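What follows is a single structure, written as structure tokens, with notes after it.
The values are calculated or read from the model by the stated rules, or taken from the named source; none is laboratory data. Bear in mind that the values here come from a model prediction, so they are computed numbers and not experimental data. Methodologically, a virtual Cβ is constructed for each residue, glycine included, from the backbone with ideal geometry; neighbour enumeration extends over all protein chains shown.
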């Protein structure tokens, strides 16, 4: 396929699974565009994407703060109580000499998830205000790099496995942060599965075209 200029790339969409190129076509609200080769969803047309994305991003940030600044669980063994929080877990790893593991946990379960939802909130806010040309391209590129490294869902599964092993040896009480973490992970998974970055790129392009047409 020969392209006369780089601007022509804006009308092409590549499948994230089989890497087949497709031409973007306009659709009615609620419809999905699927790959002709593998059948995976390329993008959706959803007129409520902006409002829904902003609401989910802000909600996710709130639950992320709750999950990190309140106790996850309280473990009681032979009369001794231990409160476990996410920051305390990371600092305990570093104090025990596991610096690399501690740094990995800090980035994978704290910094990257926080950055992802913060960028989403800023991005959707700018698009809501029709400022599609202000930092939105750089934010989308940065989001594409850090989004795959957010692993709070893996962290939640590891917590559940650990609690199952401790049930017969200690009394376990779930804290506010645990339920907040569950809600945060559900919101994170929903955004990953239902809000593709490509849809945000298309939304940005539409807003840009509206700005230039004025």
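Structure values in brief
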read-out: Some residue of the range 85-108 being at pLDDT 90 or above, within 17 Å of the chain's Cα centre (by Cα) and over 26 Å from residue 172 (Cβ atoms); value: yes
read-out: Residue 163, sole failed condition from (1) farther than 30 Å from residue 89 by Cα; (2) over 14 Å from the mean Cα position of the chain (by Cα); (3) at pLDDT below 85; value: (1)
read-out: Residue in the range 60-80 that is buried (at least 16 other Cβ atoms within 10 Å of the Cβ), under 25 Å from residue 204 (Cα atoms) and not assigned by TED's automatic domain parsing to the domain that holds residue 15 present; value: yes
read-out: Residue within the range 97-113 that is in a helix (DSSP H, G or I), in contact (Cβ under 8 Å) with a residue 24 or more places away in the chain and more than 27 Å from residue 164 (Cα to Cα) present; value: yes
read-out: Single match in 167, 109, 159 (criterion: in contact with a strand residue (DSSP E or B) (Cβ under 9 Å, 6 or more places away or on another chain) and over 18 Å from residue 55 (Cα atoms)); value: 159
read-out: Sole residue being surrounded by fewer than 16 Cβ atoms within 10 Å (Cβ to Cβ) and within 28 Å of residue 142 (Cβ to Cβ), chosen from 111, 86; value: 111
read-out: Every residue from the range 17-57 that is surrounded by fewer than 15 Cβ atoms within 10 Å (Cβ to Cβ) and part of a helix (DSSP H, G or I); value: 51, 55
